[in-house]
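Asks: My structure is below; once you've seen it, I'll send some questions.
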Amino acid sequence: MNRLNAFIGQFVSDLGAAVHAGMVVIGEKLGLYKALARGPITPAELAAQTQTDERYLREWLASQAAGGYVTYDEKTGTFSLSQEQAFALANEDSPAYLPGAFELALGSLAAVPRIADSFRSGAGMGWHEHVDGVFHGCEKFFRPGYAANLVSSWIPALHDVKEKLEAGARVADVGCGKGASTLLMAKAFPKSRFFGFDYHDKS
């Protein structure tokens, strides 16, 4: 019985995470986290600032507070983000910006029916066949890491690469997706020319 309860506890945690994926994507798309990061706010004030429905916001805020994604002050009836929550959920330049990961996960789940069929047929599924949330989420999730590390750490760790880029080189970024890494390198090394290639035409 103890082992069963432990397993069910793990399941409940995973279920909560799955449900929160949708809630985080909604919060990011509607600008709710950015508004909460400006300071404590009531549901009515948040609705007015973000042009959203207060009834829906109350439910969203309650679930976010229960999950630890948002901070609730019982005395004032206001919601806000702690510094850590804001760093991960409202600051797009933060290396720990997480909403893209949830958008990527949520988009990936749309392929479940197709992949279930592939288990029977053995057929593949191309990257280009995913829904748009996968491409946007992927770029949104990986771009902060690129911004924090690509030019400052990763390129200098490669033998002679930084010097070549500073002097002027031609670079092929193969599988560039939406070009987050390509653009960062192009801005950092203006003497070089960067070409992004991706077989996925929408990227």
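The values are calculated or read from the model by the stated rules, or taken from the named source; none is laboratory data. Just so we're clear, the structure is a prediction, and the values are computed from it rather than from any experiment. Methodologically, a virtual Cβ is constructed for each residue, glycine included, from the backbone with ideal geometry; neighbour enumeration extends over all protein chains shown. To get the accessible areas, we keep the full protein, side chains included, count just its heavy atoms, and leave off ligands, DNA and RNA. Shrake-Rupley method; radii C 1.70, N 1.55, O 1.52, S 1.80 Å.
Asks: When the residues of region 191-202 are filtered to those that are open to solvent by 40 Å² or more (accessible area, probe 1.4 Å) and assigned to a loop (DSSP other than H, G, I, E, B), which remaining residue is modelled with the highest pLDDT? Walk me through it before giving the result.
Replies: At the first step, the residues of region 191-202 found to be open to solvent by 40 Å² or more (accessible area, probe 1.4 Å) are 191, 193, 195-199, 201-202.
After this cut, where a residue has to be assigned to a loop (DSSP other than H, G, I, E, B) as well, the list is 191, 198-199, 201-202.
Details: LYS191: 97, ASP198: 93, TYR199: 91, ASP201: 85, LYS202: 81.
Per the stated criteria, the residue is LYS191.
Asks: Taking into account only those residues within region 81-122 that are closer than 15 Å to TYR33 by Cα and aromatic (Phe, Trp, Tyr), which is surrounded by the most Cβ atoms within 10 Å (Cβ to Cβ)?
Replies: Here the residue is PHE102.
Asks: Given the conditions (1) aromatic (Phe, Trp, Tyr); (2) touching a Phe, Trp or Tyr at 6+ places or on another chain (Cβ under 7 Å); (3) within 23 Å of PHE141 (Cα to Cα), and given that TYR97 satisfies all but one, which numbered condition is not satisfied?
Replies: (2)
Asks: Considering only residues that are of a type in the set (D, E, K, R) and over 25 Å from ASP93 (Cα atoms), look in region 144-190 and name the one that is least open to solvent (accessible area, probe 1.4 Å). Can you show your working first?
Replies: Step one: list which residues in region 144-190 are of a type in the set (D, E, K, R), which gives 160, 162-164, 166, 170, 173, 178, 187.
Restricting the remaining residues to those that are over 25 Å from ASP93 (Cα atoms) gives 160, 163-164, 170.
Numbers: ASP160: 70, GLU163: 105, LYS164: 128, ARG170: 178 Å².
This residue is ASP160.
Okay, residues lined up against (1) outside any helix (DSSP H, G or I); (2) surrounded by 11 or more Cβ atoms within 10 Å (Cβ to Cβ); (3) of a type in the set (S, T, N, Q):
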{"residue": "GLN10", "(1), (2), (3)": "no, no, yes"}
{"residue": "SER13", "(1), (2), (3)": "no, no, yes"}
{"residue": "ALA18", "(1), (2), (3)": "no, yes, no"}
{"residue": "ALA21", "(1), (2), (3)": "no, yes, no"}
{"residue": "ARG55", "(1), (2), (3)": "no, no, no"}
{"residue": "ALA62", "(1), (2), (3)": "no, yes, no"}
{"residue": "PHE79", "(1), (2), (3)": "yes, yes, no"}
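Asks: If you don't mind, there's one more thing I want to ask. Residue pairs, Cβ under 6 Å, 6 or more apart or interchain, first in region 102-115 and at positive phi and in the same structural domain as PHE141 (by the TED database), second part of a helix (DSSP H, G or I) and crowded, with 18+ Cβ neighbours inside 10 Å. List them.
Replies: Partner pairs satisfying both residue conditions: none exist.
Asks: Among the residues that make up region 123-143, is at least one of them loosely packed, with under 11 Cβ neighbours inside 10 Å and closer than 26 Å to HIS20 by Cα? It would help to see each step written out before you state the result.
Replies: If we filter region 123-143 for residues that are loosely packed, with under 11 Cβ neighbours inside 10 Å, which is where we start, we get 123-124, 126.
Still in the running and closer than 26 Å to HIS20 by Cα: none.
Scanning region 123-143 turns up no residue that is loosely packed, with under 11 Cβ neighbours inside 10 Å and closer than 26 Å to HIS20 by Cα.
Asks: When region 117-152 is examined, which residues are found to be assigned to a helix (DSSP H, G or I) and without any contact (Cβ under 8 Å) to a residue 24 or more places away in the chain?
Replies: First, pick out the residues of region 117-152 that are assigned to a helix (DSSP H, G or I): 117-121, 127-129, 132-152.
Across region 117-152, the qualifying residues are ASP117, SER118, PHE119, ARG120, SER121, GLU129, SER152.
Asks: Could you list, in sequence order, all residues of region 39-53 that are outside any helix (DSSP H, G or I) and exposed (fewer than 13 other Cβ atoms within 10 Å of the Cβ)? Can you show your working first?
Replies: Filtering region 39-53 down to residues outside any helix (DSSP H, G or I) leaves 39-42, 51-53.
GLY39, GLN51, ASP53, listed by residue number.
Asks: So, one more: In this structure, does TYR33 turn out to be surrounded by 11 or more Cβ atoms within 10 Å (Cβ to Cβ), touching a residue at least 60 places away in the same chain (Cβ under 8 Å) and of a type in the set (Ser, Thr, Tyr)?
Replies: Values: surrounded by 11 or more Cβ atoms within 10 Å (Cβ to Cβ): yes; touching a residue at least 60 places away in the same chain (Cβ under 8 Å): yes; of a type in the set (Ser, Thr, Tyr): yes.
Against the criterion (surrounded by 11 or more Cβ atoms within 10 Å (Cβ to Cβ), touching a residue at least 60 places away in the same chain (Cβ under 8 Å) and of a type in the set (Ser, Thr, Tyr)), TYR33 qualifies.
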